[in-house]
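The values are calculated or read from the model by the stated rules, or taken from the named source; none is laboratory data. Everything quoted here is computed from the prediction, not taken from an experiment. Cβ sites come from the backbone with ideal geometry, for glycine too, and all protein chains shown count toward neighbours.
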Amino acid sequence: MADLSVDFAGLKLKNPFIIASSELTNKLEKIKWAEENGASAVSTKLTFLQVPLYARPYHIIEKEGAFYSPSGERMKVEDTQELISQCKEQTELKVIANMMGPGGDIDAWVKLARMLEEAGADMVELNMSCPNLGLMAKQVGKDEKPTLGAVIGKDPELAGTVCKAVSDGVKIPVMAKMTPEAETMIVSEACWQNGAAAVSAINCPQSLPPLDIKNGGRPMYPSTGNQSTAGLCGPWIRPLAYRHIAQIRTRCPDLPLAGGGGLMNWRHSVEAIMYGATTLTYCSLLYLKGYKAFAKIEPGMRKFMDDYGYETLADMRGLALKYIVTPGEVDYIPMLPEIDLEKCNGCGICAAPGHCECIEIIDKKAVLVKPKDCYSCAVCYFLCPKDAITMVEAPIENTRAGVAMKEM
Ligand SMILES: Cc1cc2nc3c(=O)[nH]c(=O)nc-3n(C[C@H](O)[C@H](O)[C@H](O)COP(=O)(O)O)c2cc1C
């Protein structure tokens, strides 16, 4: 049976599943649910020595899967200390303490990390990535002091300075959490070279949600009168997360990397590992679908690994990286769609795409009428609701892509 255990920067985890820092991890009872449903570690809700501004959760959720979250209730260090010691007494979980100091006040970062270490934290996670603190103020010219959140994570030098001071100041491993607003591979490398034992990627990118257009563009949030930029999380950020995971892994091959952002099922979890993640983080999945959905990830990944002969996570890790090349190096394979007329119901979805004139509906069936204009792009294959289309290799002179390639 597949072995899901992993050594994550010295933390011995029974599996790679970590509940990401959020209101999912601010109370003992919720943390116990995380354990009961298969997590091996939790990152507790963001903690400060002094909470810099009032905030409480307010969210917009779109049916397609977007989840906009401009704010959440942050924790005072005394409350987090209490929470950590309760977790250590009453659960087997590894506890990662998510924390933030004021950007330039390095002593405050070290002091806070030590307090969390003394309370029993197994690791501290330096939050230099919150999209809802500091970044928007800076963008609109309200250069608030102290420097907070993603403003720190966009500055590799400052991020490295913070990592160096905190990792010199505590004995437990230090993880730095990346903002996708930055070149994460550069910031990760700076953190790794300055003592961080691990990196997590990604926190939410900045976004703005849909509007109440019948009400003069008022925000949709029922419980606020206006809005700041919002952290976008959930399924829509998954491809962005994959990009950052792959780039960090490519730049720093040995760096322990907690990968997450939009992971909603076991398949996404396998993908993140194949892109190079060491461990995996989940947040929106539990907000949107609850612990029952999270509990399916472990058996799903285990079955996949057993079915495909992967004995350990290391066997899968980074497998996809060898397929990532620059645009000029893409290896195009000339192909044509082959339509199974038994399965085709003539719905016309494959004939609709605006860039393609190759398929027409004739006598209620899809017909490839202009194969020589086919780009081999496979949009029809992905769109077909009946799985009636397969892409098959075609002689180079029979396809538009093949002919264009020959002419280059
Ligand atoms: C409501 C909410 C609160 C969050 N609070 C924190 C936090 O306190 N510290 C932190 O580092 N990230 C925080 N995050 C970011 C998540 O930990 C996670 O990195 C992000 O949501 C992307 O993952 P997901 O797509 O699985 O949600 C929060 C996210 C949400 C939705």
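Cβ-Cβ distance below 8 Å, separation of 6 or more or different chains: which pairs start in the stretch 302-322 with a residue that is on the phi > 0 side of the Ramachandran plot and end on one that is outside any helix (DSSP H, G or I) and among the hydroxyl-bearing types (Ser, Thr, Tyr)?
Going by the 8 Å Cβ cut-off, the qualifying pairs are Gly318/Tyr275.
Taking into account only those residues within the stretch 308-331 that are aromatic (Phe, Trp, Tyr) and loosely packed, with under 13 Cβ neighbours inside 10 Å, which is nearest to Met408 (Cα to Cα)?
Among those residues, the one meeting the criterion is Tyr323.
Quickly run through the stretch 265-275 and pick out the residues that are in a helix (DSSP H, G or I) and within 16 Å of the ligand (Cβ to nearest atom). It would help to see each step written out before you state the result.
Narrowing the stretch 265-275 to residues in a helix (DSSP H, G or I): 266-274.
Listed by number, the residues that qualify are Trp266, Arg267, His268, Ser269, Val270, Glu271, Ala272, Ile273.
Could you list, in sequence order, the residues of the stretch 279-309 that are in contact with a strand residue (DSSP E or B) (Cβ under 7 Å, 6 or more places away or on another chain) and away from the ligand (no atom under 16 Å from the Cβ)?
Hit for the stretch 279-309 is Glu298, nothing else.
Do we have Leu53 as more than 19 Å from Ala295 (Cβ to Cβ) and either among the hydrophobic types (A, V, I, L, M, F, W, C) or outside the structural domain of Ala108 (by TED's automatic domain parsing) (or both) here?
yes
Which is within 15 Å of Gly153 (Cα to Cα), away from the ligand (no atom under 16 Å from the Cβ) and in contact (Cβ under 8 Å) with a residue 24 or more places away in the chain, of Met185, Met175? Explain how you work it out, then say what you get.
Working: Met175 fails: away from the ligand (no atom under 16 Å from the Cβ).
The match here is Met185.
Can you name every one of the strands (runs of 3 or more DSSP E) wholly within the stretch 19-78 that holds 2 or more residues which are under 23 Å from the mean Cα position of the chain (by Cα), more than 10 Å from the ligand (Cβ to nearest atom) and buried (at least 23 other Cβ atoms within 10 Å of the Cβ)? Full working, then the answer.
Details: elements: 41-48, 58-61, 67-71.
Ranges flagged: 41-48.
Report, by residue number, each residue of the stretch 84-100 that is under 21 Å from Leu53 (Cβ atoms) and part of a strand (DSSP E or B). Please lay out each step first, then the result.
Just the residues of the stretch 84-100 that are under 21 Å from Leu53 (Cβ atoms), to begin with: 97-100.
Once the filter is applied, which keeps residues that are under 21 Å from Leu53 (Cβ atoms) and part of a strand (DSSP E or B), the stretch 84-100 yields Ala97, Asn98, Met99.
Give just the number: which of (1) away from the ligand (no atom under 11 Å from the Cβ); (2) assigned to a strand (DSSP E or B) does Ala258 not satisfy?
(1) is the only condition that Ala258 fails.
Could you give me the residue pairs with C-beta distances under 7 Å whose first residue belongs to the stretch 195-219 and is touching a residue at least 24 places away in the same chain (Cβ under 8 Å), whose second residue is basic (Lys, Arg) wherever it lies, and which are 6+ apart or on separate chains?
Sorted first by the residue in the stretch 195-219, then by its partner, the pairs are Gly195/Lys164; Ser200/Lys177; Asn203/Lys177.
When the residues of the stretch 203-222 are filtered to those that are out of contact with any Asp or Glu (no Cβ under 8 Å at 6 or more places or on another chain) and closer than 17 Å to Val140 by Cβ, which remaining residue is surrounded by the most Cβ atoms within 10 Å (Cβ to Cβ)?
Taking the candidates together, the pick is Ser207.
Okay, residues lined up against (1) within 14 Å of the ligand (Cβ to nearest atom); (2) buried (at least 20 other Cβ atoms within 10 Å of the Cβ); (3) under 13 Å from the mean Cα position of the chain (by Cα):
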position: Thr224; (1), (2), (3): no, no, no
position: Leu232; (1), (2), (3): yes, yes, yes
position: Pro239; (1), (2), (3): yes, no, yes
position: Thr250; (1), (2), (3): no, no, no
position: Leu263; (1), (2), (3): yes, yes, yes
position: Ala277; (1), (2), (3): yes, yes, yes
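Hand me the list of helices (runs of 4 or more DSSP H) wholly inside the stretch 101-172 holding 2 or more residues that are surrounded by fewer than 24 Cβ atoms within 10 Å (Cβ to Cβ) and among the basic types (Lys, Arg).
106-118
Is it true that some residue in the stretch 195-212 is more than 16 Å from the ligand (Cβ to nearest atom), in the same structural domain as Tyr287 (by TED's automatic domain parsing) and assigned to a helix (DSSP H, G or I)?
No: the stretch 195-212 contains no residue that is more than 16 Å from the ligand (Cβ to nearest atom), in the same structural domain as Tyr287 (by TED's automatic domain parsing) and assigned to a helix (DSSP H, G or I).
Can you find a residue in the stretch 61-75 that is touching a Lys or Arg at 6+ places or on another chain (Cβ under 6 Å), at pLDDT 90 or above, assigned by TED's automatic domain parsing to the domain that holds Tyr221 and of a type in the set (A, V, I, L, M, F, W, C)?
Checking the stretch 61-75: at least one residue is touching a Lys or Arg at 6+ places or on another chain (Cβ under 6 Å), at pLDDT 90 or above, assigned by TED's automatic domain parsing to the domain that holds Tyr221 and of a type in the set (A, V, I, L, M, F, W, C).
Among the residues in the stretch 342-361, are any under 22 Å from the mean Cα position of the chain (by Cα) and either within 27 Å of Lys63 (Cβ to Cβ) or surrounded by fewer than 16 Cβ atoms within 10 Å (Cβ to Cβ) (or both)?
Initially, the stretch 342-361 is screened for residues under 22 Å from the mean Cα position of the chain (by Cα), giving none.
Scanning the stretch 342-361 turns up no residue that is under 22 Å from the mean Cα position of the chain (by Cα) and either within 27 Å of Lys63 (Cβ to Cβ) or surrounded by fewer than 16 Cβ atoms within 10 Å (Cβ to Cβ) (or both).
Output the number of the condition that Gln247 fails; it satisfies all remaining conditions of (1) part of a loop (DSSP other than H, G, I, E, B); (2) more than 26 Å from Gly290 (Cα to Cα).
(1)
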